[in-house]
Structure formats: C-alpha cells, structure tokens
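These notes concern the structure reproduced below.
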Amino acid sequence: MAVKSIGNSLTTPRDLTNNEDVRILIYVLSEGVGERLRSHNLKGGTVQISLKNPKLETLERQAKLDMHTYITSEIAAKAYEIFLKSWDWSQNIRALGVRVTDLVEADTCTQMSLFADDAKKQKLEMIDECVDRVRERFGHYSVQRGILLQDRELNADPAHENIIFPVSYFRKG
C-alpha cells in the first residue's frame, strides 16, 4: 500500500495559550514531517493541521501549497498560516498535529513557477538535506532552529521519539 500522508502530532505538556507557543510547536512537528518526507523521497502538496482543546474537541483544517515540497520551513509557514486563519483563542490548545498529503515522488517533474524563486527553493532543499545528514550522524539535537530554543518544554523530536505500535500489539493472543 502506498503512503497517503505523513504527519506528526503531540499532546503538549501544558496548554498552549498564545501564538508563539503554537508557532514553536508547528516548527517542531514540521521538522519531523519534513525529515520523514525526505527520507521516503516524497513531496506533499497539501498541509493539514489538527487542533485539540482541553475538552478534547478537534478542529482540522487544510490548505494547498503552491508547489509540492518537503522543505520544513514551507510546511511550517503554511501550517501556521492555516492556524492563524482558523483559531480564535476562545479556548487553549491541548494537542496539535501537522500532516502533509497529496504526496508525489520527490523527483517527479513539476512545472516551474513564473513567480517563485526556484534558486531559493533549491537552497532550502539542500539546507534541509544537510541538516538531516548532520542529525543522522550526531543526533537530532545537534542542529536546532533558534525558534525551538525559546521554550525547551515544547521542543521534541517527534520523528524519532514517538513509538509506533504494530496493530497486533494491542490484540489479545
């Protein structure tokens, strides 16, 4: 079966109460999503977020990207844009998720944009790939974005610190 989406979500150690906390967590989750996209040689065309309040009520929203990507900063920027349009802070946030769908092989030919800065996009792809190699060799926390150092309580490595149980793990023998 082909992969249809790649995402990460996290129940936070405390309720999120402001945009900056959400922005930090979106970057944490987007780094994990971007890293997994690159490791599977995939790019995504749609970013989805899920927000859960303390009552465990969930809100999900999504938006298309201009071009398929696996660049962490593009995924995070779109996720944060969706969040700003969707959340009114009438309640705090208890859990947050970022997922990328509409996946294609990374080497699939795409039409170049007349308006996008393709050279900048290539540099961002190369930077993310270099960061992946450094982290693979020296550990996830060897290279960090400055935004992630603002609140260490929210900083995590969801791509490697989460445990994925096989379906049969919960079935009685």
Can you find, within the stretch 19-40, the residue that is farthest from VAL104 (Cα to Cα) among those that are at pLDDT below 95 and surrounded by fewer than 16 Cβ atoms within 10 Å (Cβ to Cβ)? GLU20
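Taking the criterion of being over 26 Å from THR17 (Cβ atoms), in contact (Cβ under 8 Å) with a residue 60 or more places away in the chain and among the polar types (S, T, N, Q), would at least one residue in the stretch 98-117 satisfy it?
Among the residues of the stretch 98-117, at least one is over 26 Å from THR17 (Cβ atoms), in contact (Cβ under 8 Å) with a residue 60 or more places away in the chain and among the polar types (S, T, N, Q), which makes the answer yes.
Considering only the stretch 41-114, give the strands (runs of 3 or more DSSP E) lying wholly within it that have at least 2 residues that are closer than 23 Å to ASP128 by Cα and under 11 Å from the mean Cα position of the chain (by Cα). Steps first, please.
Details: elements: 42-52, 58-69, 93-101.
Counting at least 2 such residues, we get 42-52, 93-101.
The values are calculated or read from the model by the stated rules, or taken from the named source; none is laboratory data. Source: prediction; values computed, not measured. Positions of Cβ are generated from backbone atoms using ideal geometry, with glycine treated the same way; all protein chains shown enter the neighbour counts.
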